[in-house]
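The values are calculated or read from the model by the stated rules, or taken from the named source; none is laboratory data. For clarity, every value in this text was computed on a predicted model and none was experimentally measured. Every residue, glycine among them, receives a Cβ derived from its backbone with ideal geometry; neighbour counts consider all protein chains shown.
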Amino acid sequence: MILDLPTVGAINIHGGLLPEWRGANILNWVLIEGAAETGVTAHWMTEGFDEGPIIVRRTLSIDFLDTAWTLSHKLRQLSSQLLSSLLTDIEK
């Protein structure tokens, strides 16, 4: 199995707040459901879809005027910050 290849495990950066927002198209669903916030989650990958133990989450508020495009841009920036911080922590 592919998840057995890394010697220390595999990490996923999920474009939503786990465990509440699992699965695909989370960006669309938080807008449809009128969520007040969203974010990104780093978690250890397991055989289950978005079920691995959470390492860290970063959140942001959803503005009334946010669209899928504006929110996508904000989440990319947030993901980049989370990944940079996570890699620094792993190096330590």
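Looking at region 59-76, which of its residues are part of a strand (DSSP E or B) and either loosely packed, with under 12 Cβ neighbours inside 10 Å or free of Cβ contacts under 8 Å to residues at least 40 places away in the same chain (or both)? Residues satisfying the conditions are L60, S61. The condition of being over 24 Å from S85 (Cα atoms) and at pLDDT 95 or above holds for only one of A68, A36, that being A36. Identify all residues within region 36-58 that are surrounded by 13 or more Cβ atoms within 10 Å (Cβ to Cβ) and either over 28 Å from I90 (Cβ atoms) or among the hydroxyl-bearing types (S, T, Y) (or both); write none if there are none. Across region 36-58, the qualifying residues are T38, T41, T46.
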